[in-house]
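Structure, as structure tokens:
The values are calculated or read from the model by the stated rules, or taken from the named source; none is laboratory data. Bear in mind the structure is a predicted one, so any value in this text is a computation, not a measurement. No Cβ is skipped: glycine too gets one built from the backbone with ideal geometry, and neighbour counts run over all protein chains shown.
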Amino acid sequence: MQRGKSKNESLPLSEQAYIAIKDRIITLFFAPGQYLNEASICEQLEMGRTPVHQALQRLQAEGLVDVVPRKGVIIQPDSMGQVIEILDARLVVEPAIAARAAEYGRSEDIEAARAILDHHRDDAHGGGRIDAFVECDRAFHSKISDMSQSRILGDFAKALHERSIRAWYLHLWQTLDTDASDRQHRAVLAAIEVRDAGAAAAAMRDHLSGLRERVVLLQQHAPKRAPSHAR
């Protein structure tokens with residue numbers, strides 16, 4: 001993912017700061033549990049305190065950071081249980097988005113979504129790399145949200161998907177199956193293309209349910225912490 005603000009220069013400074021900090025969080029440049037201070041973030045981004053402070057307030061509302069007065073900024077972790085909660089929320093929202101995309105999506109948008117999948121499949125440098133997969137997955141789901149023509153649902157889905165991206169870097173890389181993901185994405189798109197809202201919703205539900213099942217298996221096989229004993 002691209003860091004910095006070059007392609008976002010036309011946006012307000014607070015939005016540029018928000019995008020740049022969030023990118024560093026979800027790609028683990030800022031690690032879960034890491035303590036930062038606003039001054040160091042301002043220095044990295046070459047921005048003043050006001051836009052950075054505003055960006056951090058937004059990220060705190062999204063649960064990605066905790067701003068502690070006089071102490072600094074803590075990057076919040078996502079546990080496996082939280083990842084499952086995020087997927088449960090996506091299972092509510094994204095099938096509805098896929099159904100709307102089948103109703104309202106334009107032919108050119110369908111072709112654009114297909115081009116996203118084809119580019120990743122044909123990219124010799126893509127393969128199973130997590131960065132290439134995340135880029136494709138993010139672009140595809142964003143395009144489906146746009147096709148739904150529901151800004152409210154789309155914004156909600158985008159926030160959930162951004163949290164899922166960090167989960168790929170933290171935990172889900174162990175479950176990465178690019179071939180299965182490609183098949184599932186194309187099943188969603190095929191249903192949208194024939195304007196079958198029910199099938200589009202079902203295909204999206206199958207896609208996310210499969211991921212949820214793999215996360216549950218990861219959680220079940222994760223090393224258990226030994227109980228602590230008070231002294």
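The table below gives the values:
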item: Index of the failed condition, I86 passing every other in (1) outside the structural domain of M204 (by TED's automatic domain parsing); (2) surrounded by 13 or more Cβ atoms within 10 Å (Cβ to Cβ); (3) modelled with pLDDT under 95; result: (1)
item: Single residue of the stretch 13-39 satisfying the filter (within 24 Å of S164 (Cβ to Cβ) and polar (S, T, N, Q)) that is modelled with the lowest pLDDT; result: T27
item: Those residues of the stretch 40-68 which are out of contact with any helix residue (DSSP H, G or I) (no Cβ under 7 Å at 6 or more places or on another chain), in a helix (DSSP H, G or I) and farther than 18 Å from E162 by Cβ, in sequence order; result: S40, E43, Q44, T50
item: Every pair of residues 6+ apart whose Cβ atoms lie under 9 Å, when the first sits in the stretch 114-127 and is not assigned by TED's automatic domain parsing to the domain that holds H141 and at pLDDT 95 or above while the second is assigned to a loop (DSSP other than H, G, I, E, B) and surrounded by fewer than 13 Cβ atoms within 10 Å (Cβ to Cβ); result: none
item: A197 vs. criteria in contact with an Asp or Glu (Cβ under 8 Å, 6 or more places away or on another chain) and either acidic (D, E) or farther than 25 Å from M80 by Cβ (or both); result: yes
item: Subset of the stretch 15-60 (residues that are polar (S, T, N, Q) and surrounded by fewer than 19 Cβ atoms within 10 Å (Cβ to Cβ)); result: T27, Q34, N37, S40, Q44, T50, Q54, Q57, Q60
item: Residue in the stretch 143-156 that is in the same structural domain as I116 (by TED's automatic domain parsing), at pLDDT below 95 and closer than 21 Å to R24 by Cα present; result: yes
item: Any hit, the stretch 67-82, residues being at pLDDT below 95, among the acidic types (D, E) and within 22 Å of the chain's Cα centre (by Cα); result: yes
item: Residue within the stretch 63-70 that is at positive phi and not hydrophobic (A, V, I, L, M, F, W, C) present; result: yes
item: So I144, is it farther than 30 Å from L36 by Cα, touching a Cys at 6+ places or on another chain (Cβ under 7 Å) and buried (at least 16 other Cβ atoms within 10 Å of the Cβ); result: no
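Residue by residue, here is whether (1) more than 24 Å from R214 (Cα to Cα); (2) in contact (Cβ under 8 Å) with a residue 12 or more places away in the chain; (3) of a type outside the set (G, A, S); (4) in contact with a His (Cβ under 7 Å, 6 or more places away or on another chain) holds:
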site: L13; (1), (2), (3), (4): yes, yes, yes, no
site: K22; (1), (2), (3), (4): yes, yes, yes, no
site: L59; (1), (2), (3), (4): yes, yes, yes, no
site: S79; (1), (2), (3), (4): no, no, no, no
site: E85; (1), (2), (3), (4): no, no, yes, no
site: P95; (1), (2), (3), (4): no, yes, yes, no
site: A98; (1), (2), (3), (4): no, yes, no, no
site: S107; (1), (2), (3), (4): yes, no, no, no
